[in-house]
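Below is one structure, written out as structure tokens; the observations come after it.
The values are calculated or read from the model by the stated rules, or taken from the named source; none is laboratory data. Model, not experiment: these values are computed from the prediction. Cβ placement follows ideal geometry from the backbone for every residue including glycine, while neighbour counts extend to all protein chains displayed. Ligands, DNA and RNA are stripped out before the accessible areas are found, and what is left, the full protein with its side chains, is counted by its heavy atoms. Shrake-Rupley method; radii C 1.70, N 1.55, O 1.52, S 1.80 Å.
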Amino acid sequence: MERLFRWVYMILLGLLIAGVALPALTSDIAIASPYVNNHVKDDAGLFSDKDIQRMNQALANHHYKLYVMTVSGYTEEAGMKLVDQLYDEFDLGSNELLLLITTNPNFVHMAFENDELAARIAASRAATVRGVTDTQFVPYAKTGDVAGGVIAISEYLNGLGPVSGKDTHGAHQDESIQSPVISEAPQLSEQQNQNLHHKRQLVLQIGAVVLLLLVLATVVLIWRRLSVRRKLLRRRTALQRRINKIEHRLAVLLGSDVLNTDIAASGGSKDKSMLQSQLRQESEQQLAQTQQCRSAVRAIRLPMLSLSRPRLELGRLEHDLLLIEEQLVPLEQQHALLHGTVPADVIAAATSAASTTVVPGKQAQEQERVAAQSIDATYDLDRIADELEAQIAREGLYTGGDENPLALLELARTDQQRMRKLQARGDRNGAMAARRTLDSHIQQARRLVQDMLRFRQQAMQVSEEAERTIEEYESLPDWHAREWASLEGHYAVHHLNEQQERYEDMQHLLQRMERLCPQIVHNLLGKTPHYARAYEDSLQISAAMQRLQEQRLALMSYPEELDLRKKLDMERWEALSSHHRDIASRLTELPLDHLQIRPFQEQSFQSLEHARLLLLEEPIDLHAAEGALEVIEQHLELLIRQFETVELPIRTDERSEESSSTNDSGQDQQEDELQSADDWKRNDRE
């Protein structure tokens, strides 16, 4: 309720400020733009100096000027807010756009204010700003060329049609300046004067109502805060009283004659001396923790403007005091054992946490009774039940179904009664087991309340996000039809089938979300809410939305991905063809007795022609074209291997029969041939 009044108060106050203060504000204050003689501000260190120089050259001299900024460590929502904030702070013009690239996680956002550009984007194939980044930036980013993706966005935006030259950012101001000046205003009629008077009266009445509502909301908000502050004051006072009681119990333990007596000097047992020393040490530690809690309670302030933090601090201190009270119980039990004349074997058993032998007589029964009372004193189930019921009522939780923390408290009451009976019978082991079960039920009850609150909040958030996502994807069939038409006739059927499979998967995911959203609402707001089931459904919706986003990105970037693959395949074919021509030119210089290499050359040429036809024909099958390119590489490898086996003959029998001049010229020629063959082989290996 306090949060509701706070929102009402803020809305009314905003309306009053908007009507009075905003006209007087100036909007010409802006932070100096960091883009001076450059287009890139790489705070995340994403680009190299060469990439920045390349982008500055490519982004210059365009009508729509694109500026780039990189940051790191921003979520998608935070990145969207940051790009809008920076666009306003840098005071960019109507034909200037800001592209924000975030890393860890990776997102890209774009902000601008230009109606003409927005209309051109809506009429293009991308349809939205998100579509521009997904279709132009993502395909290059997948290959590691982030700078190429930025340049692709700039070229796409500046290629969306002719530029009118009109600055749409200040369209209304331009029209008012160019309009003709009227020398004399016409006189208003009586009816017009009355209408104007009525409008003024209506504006004044609305202002008075808003002001009255603002005053009432202020009074109600102050009253609510005073009420909450009084409750917090009572809780702080109750904490101080609990601290006083704990300190009194610890003072009783530390001031006892049992702990102040030198047992070793009086001839006491070794086990009893060890138990006494341990008891004093633990009591002093508990006292130090209690004093820290007292200092923390005194440090809590309750200002009128901020009560959420004191409420959390008081809750934390209450939990700490509960733990101290629970840890105080075994100390009081040990003190009760040391208070009387207990045999040495009983004290040794208590020290080792083993089963205790029941001491006969009235004194032993009195000790068991005191120990039982000390255990019961720390488990005020009525107080715990009141705290949980108040929290359940305050948060509006439903506890009538299977998720019922109050039922666990009833089980804790049963455990408490059983613990008392076992204590009365002297069954210490059974009493301690019942105590552990009691602790477990209390912890489960508190944990269940926290889980119910967490399940409900997350389920509501996921449900709202799912509804917004479903509305966003209402135009998915029309968009898919346009994408299908753009691919049809240009690419093979199996490429179209891949797009269709993504589209059908997205449709199934949307149908699943539409089916789960009503279930979450029913489990949260029905007659019998079930928060755990709503939470499980919300996890399924979250997984579906994540998968939906992945498929959307793959669907939108697929056409540009195919175009990029086609471009890379053409470049690969050109490189292979050039390599083939180089080898063929060397084969023409071989002697005629090495014609066995010619068939391998013919195979390589035929595979090149086959790949060229596959890349030029439409619809193109990229899988078949890439397979043909692999075949070309295999044929070229075989051709190179055959070329390496060629050995030119060396005729040594003619040297002795020819003259010395002839021998010299023949030897020079033979050496030249050997050197040429070696050069061919070395080039082929390279």
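Think of a 1.4 Å ball rolled over the protein heavy atoms: the stretch 464-518 then has 58 Å² of accessible area per residue. Remark: the residue 53-residue 637 segment gains 206.3 nm on full extension, using 0.36 nm per residue and subtracting the alpha carbon distance. Judged by the mean number of other Cβ atoms found within 10 Å, the most tightly packed of the peptides 624-632, 217-225 leads the ranking 624-632, 217-225. A simple packing score, the average count of other Cβ atoms within 10 Å per residue, orders the peptides 291-299, 491-499 as 491-499, 291-299, with the highest score first. At q = 0.19 Å⁻¹, what log₁₀ I(q)/I(0) does the stretch 442-531 have when each alpha carbon counts as one equal point scatterer in the Debye sum? Debye intensities relative to I(0), on a log10 scale: -0.90. Classify the stretch 513-561: rounded, prolate or oblate, from the alpha-carbon gyration tensor (a ≥ b ≥ c, eigenvalue square roots; a/c under 1.5 rounded; otherwise prolate if a/b is larger than b/c)? Prolate shape, in that a/c is at least 1.5 and a/b is the bigger ratio. In whole percent, and with a 1.4 Å probe on the protein chains, what portion of the accessible area of the stretch 80-130 is carbon and sulfur? C and S atoms contribute 51 percent here. Accessible surface area normalised per residue over the stretch 522-581 is 51 Å², counting heavy atoms of protein chains with a 1.4 Å rolling probe. Surface composition of the stretch 491-584: carbon plus sulfur atoms contribute 52% of the solvent-accessible area (1.4 Å probe, protein chains only, all chains present). Amide H to amide H, with H built 1.01 Å from N, residue 41 comes under 5 Å of 68, 69, 70, counting only residues 5 or more places away or on other chains.
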